[in-house]
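To start, the structure under review is shown below, and the notes come after it.
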Amino acid sequence: MHIAIDIDQTITHAPEFFSALTSALTGATITIVTVRDSTDGAEETLRLHNICYDRLILSDDPQLGRTGDTEYDEWKADVITHLKPDIFFDDSPEIVHRIQPPTRVFMCCDEVMQGWLAKSLGR
Ligand SMILES: [Mg+2]
């Protein structure tokens, strides 16, 4: 099983959960995909939260990094489409709406997103 996970507002939303999940899934391939670049302390964040992973893809990744004026959301969705993980965790509707089967999406929902959903639903 291949699992792709975002960092900000995803791992950082529930770090204990993602630490336990990534530790428990022995045999799974875990790829972290983030819009952070190599100056933004992604590895430090992952170490701080005890996240187990096989690969970290940053927006300035030498092979899969963002090019030209590609929007960050589009870049990330393209990376996930290229990787075709079985499961993808992210918090951004601008990204997750672009992900097609067979990848299954789990969208994290913090207080800001809950407020946005409530507003969108007229509640
Ligand atoms: Mg995020």
Ile57's amide H: which non-local residues (gap 5+, or another chain) put their own amide H closer than 5 Å, with H modeled 1.01 Å from N in plane and none for Pro or chain starts?
Ile32, Val33, Thr34
Kirkwood hydrodynamic radius (C-alpha pairs) into Stokes-Einstein, the range 1-78, 37 °C and 0.692 mPa s, D in µm²/s:
255
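No value in this document is a laboratory result; all are computed from the given coordinates. As the structure is a prediction and not an experimental result, all values here were calculated from the model.
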